[in-house]
Amino acid sequence: MKRILSGIQPTGIIHLGNYFGAIHNWLALQKKFDCVFFIADLHALTVYQKPEELRRNTLNLLKIYLASGLNPDKHIIFRQSDVQEHIELGWILNCVTPIAELERMTQFKDKSKQHKENINAGLFTYPCLMAADILLYDTDFVPVGEDQVQHVELTRAIAQKFNNLYADILKLPQAKINKISARLKGLDNPEKKMSKSAASEYNYIALTDSADLIRKKIKKAVTDSGSEIKYGADRPAISNLMTIYSLTTGLDFSQIEKKFNGKGYADFKSDLAEQIVKFTQPIQKKFQAVSDDQAEKILSDGAERARKIAGQKMEQIKDAVGL
Ligand code: ADP
Ligand code: TRP
């Protein structure tokens, strides 16, 4: 069976962009692939995190994974920092990755602008650690949002370079994107991706937002000029809202257009808010039902299973490089 692997950083909120760009796609893939899902807590350190919050956010993200329907009985779910091989291989890959490649990375450029006071070396070499995450498990596919494709491409280049230098033992992975949900846009600015690091919380809807807050946020979401509910490249705001409508209801764009034919933005928005509430409420209920102890237990079981695979691979790699 082919293997997929993916992870999210535990940096606070999970918004609809993260959910539909990543987790939602993983659910369907669980049926067809051998899956490894993890919580990228080491990656989160590239932006300063308060220790207590990082611990809390890690458990909460695991609860979101479970509440969304990821299955820890069948697949491996773990916390990155529990498996030390990630750091070990990360270092080796640091030593084969050209600085010039890292300098091209859009996420590095964006985050250095956002966090001018803390442009640390980890932020720069982040893709080497991400490459280690992927390569340790002989991953075939990496399901992520569009913003991460550049990192997966670089992972391939790093693996290729390693294989040429040492031994042909690293498998070249491929990014796997869902076209519709690959890049949800901000509610307050449909030109840019929905992001938890946006200046205003009106940019995104978090999976854990209350029904009232969801209604408020959708009401405030910017719209295009005109009044028709119609999808099109020249109408980025309504197209983004229609994408969210489609993802939460399963209707396609022409069905949505038909449903709201003759109606205006206000009707559409109030229905959209209710669809999002209906979609998020069961996830919130399940989230509340998982205890911290259950979450910890799942993480420690997952780490044990992950270490078995990562440990074997690491021995092969160390042998190849002469360590
Ligand atoms: P953020 O960019 O909000 O800090 P992360 O970097 O933790 O989020 O991303 C976690 C996952 O969510 C990645 O797979 C990423 O590609 C996906 N993702 C993030 N933002 C979006 C978005 N606006 N649309 C679709 N997918 C997204
Ligand atoms: N870089 C990803 C993000 O910011 C998180 C991540 C770390 C990841 N390692 C990974 C995703 C390996 C997929 C595979 O969202």
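Residue-level check: of (1) assigned by TED's automatic domain parsing to the domain that holds His24; (2) assigned to a loop (DSSP other than H, G, I, E, B), Ala175 misses just (2). Of the residues screened, Phe20 is not one that is modelled with pLDDT of 95 or more and either within 11 Å of ligand 1 (Cβ to nearest atom) or not in a loop (DSSP other than H, G, I, E, B) (or both). If you filter the range 4-17 down to residues that are under 8 Å from the mean Cα position of the chain (by Cα) and outside any loop (DSSP other than H, G, I, E, B), you find that the one that is farthest from Ala206 (Cα to Cα) is Ser6.
For Leu207, state whether it is within 16 Å of ligand 2 (Cβ to nearest atom), surrounded by 17 or more Cβ atoms within 10 Å (Cβ to Cβ), at pLDDT 95 or above and not assigned by TED's automatic domain parsing to the domain that holds His24.
Yes.
Residues in the range 104-155 that are away from ligand 1 (no atom under 16 Å from the Cβ) and surrounded by 19 or more Cβ atoms within 10 Å (Cβ to Cβ): Thr125, Cys128, Ala132, Leu135, Leu136, Tyr137.
The residue list Ile218, Ile214 contains one member that is touching a Leu at 6+ places or on another chain (Cβ under 6 Å), in contact (Cβ under 8 Å) with a residue 40 or more places away in the chain and not acidic (Asp, Glu), which is Ile218. For the range 82-92, the set of residues classified as buried (at least 17 other Cβ atoms within 10 Å of the Cβ) and out of contact with any Lys or Arg (no Cβ under 9 Å at 6 or more places or on another chain) consists of His86, Gly90, listed by residue number. Which one of Ala211, Ala182, Ala167, Ala221 is among the small types (Gly, Ala, Ser) and touching a Pro at 6+ places or on another chain (Cβ under 9 Å)? From the options Ala211, Ala182, Ala167, Ala221, the qualifying one is Ala221.
The values are calculated or read from the model by the stated rules, or taken from the named source; none is laboratory data. Treat the numbers as computed from the prediction; the structure is a model and nothing was measured. Neighbour counts are summed over all protein chains in view; Cβ atoms, including those assigned to glycine, are modelled from backbone coordinates with ideal geometry.
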